[in-house]
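Below: the structure, in structure tokens.
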Amino acid sequence: MKVTFPHMGNLYIPLRTFFENLGAEVVVPPLSSKRTLEIGCKYSPEFACLPLKVTLGNFIEALEMGADTIVMAGGVGPCRFGYYAEVQREILKDLGYDFDMIVLEPPQGHFWDLIKKFKYITNKKSFKEIYLAGKLAWKKIILLDRLEKMVNRIRAVELEKGKTDKAYKKALNLISNARDEQELAFARQQIEKEISSIKKAKERNLLKVGLVGEIYTLLEPFVNFNIEKQLGELGVLVERSIYISQWVRENLLPSFMKSKEPEVLAKLAEPYIPCFVGGHGRESVAQIVSYAKQGFDGVIHLLPLTCMPEIVAKSVLPMVSKIHSIPVMTLVLDEHSAETGLRTRLEAFIDLIRERKEEEEFGVLSWD
Amino acid sequence: MECYLGIDVGSVSTNFALIDKHGKMLKKLYLRTAGRPIETIKSGLKMLKEDLKDDIEIKGVGTTGSGRKLASVIVGADVVKNEITAHAVASISEIPTVQTILEIGGQDSKIIILRDGIVVDFAMNTVCAAGTGSFLDRQAQRLGIPIELFGEIAIRSKNPTRIAGRCAVFAESDMIHKQQLGYKVEDILKGLCQALVRNYLANVAKGKEINPPVVFQGGVAANSGIKRAFEEELGMEIIVPEHFDVMGALGAALLAKKAMSQNKQKQTNFYGFEAAFKEHRAESFECNGCPNLCEIVQIYVDNKLIARWGDRCGRWSENVAV
Ligand code: SF4
Ligand code: SF4
């Protein structure tokens, strides 16, 4: 059995660790590229959302490399994510691929179902073995999140251009290659040492921008044109609203292990979106409110074209932005998005919030 | 005399604005890019040089537009700015209280919302052709009307024809249909103006609060028919600034002036008008390093590689010291 899974940012690192430690052979699809997008789009329904297209491309590339078992997340709720796996399975079958697809439904009380599926994938490994492999993968996830947060803070103020990204690349390798918790602890030390040795410029008026929106477009640098890096290069400190750990918590862990944070957060969105609208639509709005309260200078809202939950969120953004006095820019991404257009918008948005901040220092502008 | 130069390189037009140290326009140029941005930038420089007296001293250069990076490596820029900011800066310099900027150029259209002289919101449309100058050019050509007369004729219409304007393809076929039915040319032209305005308000302005003073700029602002259609649709006076067709370039020049005056010691990066006589070459190739197959652009000056971009991963751009 050769296991594969779709890409979403750095998720492949812990997933590979998990399955390999359980003795499965893993085929990591090539990182999402233009080719992935092209084949994905070619075989997807035109109006499907971008994540479906790109992950379908991942599967095809992995199947070409000999994978025969696809592990995919399922989903519930009004948004289309719940149908992804089914649609993709049918498309791949029609294309004549021979494979098994295992869909991991969010374990709302069905945690044992999930374990059973893992047992199947991993050739009947014991619960303890699954637990241990899961633990290491989870620790990697936590470290990856920490790393990404650090990088997003430092990139904006690095003195030597490109230094942060070099350290980041190296760190990803270290985390990826750690075989047990001891090695991972060692990797962590090394990474922290390296990152803290990057020389920083003193910036008194650093701009802070929050990133919110649909999870896949937020986490996958290929589809968002590496927006975090671009903002960092423009001298902006970036904070992303969703990290992999959160996704895993929400989608793979049993409910008693979930944090209460999302519920608290959802309250912030209540005046604008009172109910669950699928995906992270409500969370996006809540995060914007939260960023405004934390004194961020602006928020960028990312979504794939035709993404329903985020379109609902987008519709209330003018109001949220006005009431909480925070500029918000929505960027809609699809397979036709071009980097130059995105870059122009980013630069203009940063100019906008920078001027606003400078003006505020003198206490004149009221944002209306 | 101390001057500042602004260059706005778009896919349709390349514009130059030369201003004095008070921000007054000394000379402007509006050139067709015609797919040859480097040549166009150079011929613009030459034209400026020929036109000007010798006591001109360029103290700073700003570039903007989709080709801003290219322009900056060719002429040596002090400021490289996005189009939104450049347009806003230029507009404020002419109408300091402006609250809304409608900009329709050859290749794209934008709306910029300002309050108290600061950009607070904007949107850009780079995808839909129905909202741009190129679309009007095409339709004028189809009807055999010189584009300069478009607005004049449209304004005469008493009974504009309704043209479906949601998308360029539909608008075009609808217009052809109406033309065959024998509608008057002026009514069709006015109908096109209204369709473009409707399309702009629905797709670009999308419910943004349009408050006066409203400034209309970009190449299409020359078309009085469009101006009138905006006025009728919005019920407001629309101001077309004096230098409406080169506002991006003007903004870039003003930004260069600002940047240089903030830092008095700084010498301009401008290579001088001689840049126009150097030999420039742009080459591109496809990188096979990974399946992204990035198109890498390389710029040579007198056979020396000076800039490189287009890679997603930094493999090529990191290795050129610009
Ligand atoms: S959240 Fe949006 S992009 Fe994701 S599956 Fe749902 S509709 Fe598609
Ligand atoms: S430039 Fe980098 S990302 Fe682009 S094709 Fe080459 S190796 Fe791949």
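The values are calculated or read from the model by the stated rules, or taken from the named source; none is laboratory data. Predicted model, so just to flag it, every value in this text is computed and none were measured. Using ideal geometry, Cβ is built from the backbone for each residue, glycine included, and neighbour counts are taken over all protein chains shown. In case anyone asks, the SASA skips ligands and DNA or RNA and just uses the protein heavy atoms, side chains included. Shrake-Rupley method; radii C 1.70, N 1.55, O 1.52, S 1.80 Å.
Within the range A:349-368, restricting attention to residues that are at pLDDT below 80 and touching a strand residue (DSSP E or B) at 6+ places or on another chain (Cβ under 9 Å), the residue that is most open to solvent (accessible area, probe 1.4 Å) is A:D368. Being away from ligand 1 (no atom under 16 Å from the Cβ), touching a residue at least 40 places away in the same chain (Cβ under 8 Å), of a type in the set (A, V, I, L, M) and assigned by TED's automatic domain parsing to the domain that holds A:I288 holds for only one residue in A:V238, A:V212, and it is A:V238. Only residues that are under 25 Å from the mean Cα position of the chain (by Cα), within 14 Å of chain A (Cβ to nearest Cβ) and small (G, A, S) were counted across the range B:287-316, and they come to 1. Would you pick out the residues in the range B:287-315 that are out of contact with any Phe, Trp or Tyr (no Cβ under 6 Å at 6 or more places or on another chain), more than 8 Å from ligand 2 (Cβ to nearest atom) and in contact (Cβ under 8 Å) with a residue 12 or more places away in the chain? Selection gives B:E295, B:Q298, B:I299, B:Y300, B:V301, B:D302, B:N303, B:L305, B:I306, B:A307, B:W309.
Looking only at the range A:128-168, how many residues end up being of a type in the set (S, T, Y), within 14 Å of chain B (Cβ to nearest Cβ) and out of contact with any strand residue (DSSP E or B) (no Cβ under 6 Å at 6 or more places or on another chain)? Residues that pass the stated criteria total 1.
Candidates are the residues of the range B:277-286 that are away from ligand 2 (no atom under 13 Å from the Cβ) and of a type in the set (A, V, I, L, M, F, W, C); the one that is nearest to the other protein chains (Cβ to nearest Cβ) is B:A282. Tell me, please, whether a residue that is without any contact (Cβ under 8 Å) to a residue 24 or more places away in the chain and more than 14 Å from every other protein chain (Cβ to nearest Cβ) can be found in the range B:75-97. Looking through the range B:75-97, at least one residue is without any contact (Cβ under 8 Å) to a residue 24 or more places away in the chain and more than 14 Å from every other protein chain (Cβ to nearest Cβ). Considering the range A:282-303, the residues that are within 16 Å of ligand 1 (Cβ to nearest atom) and either open to solvent by less than 40 Å² (accessible area, probe 1.4 Å) or in contact with a Gly (Cβ under 8 Å, 6 or more places away or on another chain) (or both) include one that is farthest from the other protein chains (Cβ to nearest Cβ), namely A:E283. Within the range B:85-103, work out how many residues are of a type outside the set (D, E) and within 20 Å of B:I19 (Cα to Cα). The qualifying residues number 11.
In this structure, A:R282 does not satisfy being over 21 Å from the mean Cα position of the chain (by Cα), in a helix (DSSP H, G or I) and not assigned by TED's automatic domain parsing to the domain that holds A:C49. For the range B:259-271, does any single residue satisfy the condition of being open to solvent by 90 Å² or more (accessible area, probe 1.4 Å), farther than 17 Å from B:I38 by Cβ and either under 25 Å from the mean Cα position of the chain (by Cα) or near ligand 2 (Cβ under 10 Å from one of its atoms) (or both)? No, every residue in the range B:259-271 fails to be open to solvent by 90 Å² or more (accessible area, probe 1.4 Å), farther than 17 Å from B:I38 by Cβ and either under 25 Å from the mean Cα position of the chain (by Cα) or near ligand 2 (Cβ under 10 Å from one of its atoms) (or both). Of the strands (runs of 3 or more DSSP E) that lie entirely inside the range B:196-306, those containing 3 or more residues that are of a type outside the set (A, V, I, L, M) span B:280-286, B:295-301. Taking the criterion of being within 9 Å of chain B (Cβ to nearest Cβ), free of Cβ contacts under 8 Å to residues at least 24 places away in the same chain, open to solvent by 10 Å² or more (accessible area, probe 1.4 Å) and part of a helix (DSSP H, G or I), the residues of the range A:304-348 that qualify are A:P318, A:T340, A:G341, A:R345.
Going by what's in this entry, would B:E286 be described as at pLDDT below 85 and farther than 25 Å from B:T40 by Cβ? Taking the combined requirement at face value, the residue does not satisfy it. When A:G74, A:G57, A:G66 are checked against the criterion of being touching a residue at least 24 places away in the same chain (Cβ under 8 Å), of a type in the set (G, A, S) and on the phi > 0 side of the Ramachandran plot, A:G66 stands alone in meeting it. In the range B:98-123, the qualifying residues are those that are small (G, A, S), outside any strand (DSSP E or B) and within 14 Å of chain A (Cβ to nearest Cβ), and the one that is least open to solvent (accessible area, probe 1.4 Å) is B:G105.
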